[in-house]
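Remarks on the structure that follows.
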Amino acid sequence: MTALLLAAGCRANFDAQPDATPPDVASALVGCELHLRMEEPRWSDTAPDVLDACGQDDRGLAIGEVTTELDAERGRVGFFYGQGYVMVADSARLRGGRGVTVSAWVRPLAPVGTPPAGLVAKRAATGAKAAYSLFLSRNAHLSSDIDSQNDRIEVPTAVLPDRWTHLTLVYDGSAPKPKRVHTYQDGETTGQWSESSSQIPADFDAPLTIGYLPDEAAPDQYFRGRIDDVVLWSRALGDDEVAAWHAATRR
């Protein structure tokens, strides 16, 4: 794998203790397929693993200019310098199917929005194969694609730089077309969106990337800032569950 490059001037406290386990998370994590808490002491070329807390034996690999650092609000978190990402190898559990929920705490650096910045994406760099993607558009609005780009979503509220925001995307293929996608910010709904696809195709086998939106035509869609508690569920969470997870992981 590509060696990890640590940017000059990094002041991460590698001796800090791991984050405490948030309360009452066990019930909220029913259907959890991936949970990257990003609390490793550091990521390096000899220790690139980003461990999964869902018990599914998946793990991420830190690639490029990424590491962890101690955040005053959230403890140890992932830090993305804008030229690196975390990659999780494809597995059938991560492909979405009839329902998927993606959640992450993010803190972009200013300025934000140029170019689009990938947050969590299961998307190939070429062709139209994208199971799902969560990213910040050029104007720093939360955006998403489900089943390629047939119905692009863009939330009208901007994600502010230099502050923590909890973002959640829920896809329910069993719901009526106008109600298949829901977005949330800090546990509260920000929209209900139409989606043509009633199921994400099972052959979308691209790896999962965090901090990067793959696109051969626009290769610089990296995130700059901090990311924490990335979770993927193989089901559609309800409003109350999204709010409960936000409350359980807020620090």
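Just a few scattered comments:
- Spread of Cα-to-Cα distances over 10 Å intervals beginning at zero, given as percent, for the range 42-249: 9, 38, 40, 12, 1
- The simple spin-label model puts a point 7 Å past each Cα toward its Cβ; for T46 and N139 those points are separated by 4.9 nm.
- Cβ charges +1 (Lys, Arg) and -1 (Asp, Glu), total dipole of the chain, debye: 360 debye
- Tilt relative to the chain, helix 239-249 - C-alpha long axis, 0 to 90 degrees, to 10: 0 degrees
- Sequence-distant contacts, meaning Cα pairs under 8 Å at least 6 residues apart, place the relative contact order of the range 42-249 at 27 percent.
- Simple label model, 7 Å out from Cα along Cβ direction - T157 to D186, nm: 0.7 nm
Each value in this text was obtained by applying a stated rule to the coordinates, not by laboratory testing. Bear in mind the structure is a predicted one, so any value in this text is a computation, not a measurement. As a convention, Cβ positions derive from the backbone with ideal geometry for all residues, glycine included, and neighbour counts pool all protein chains shown.
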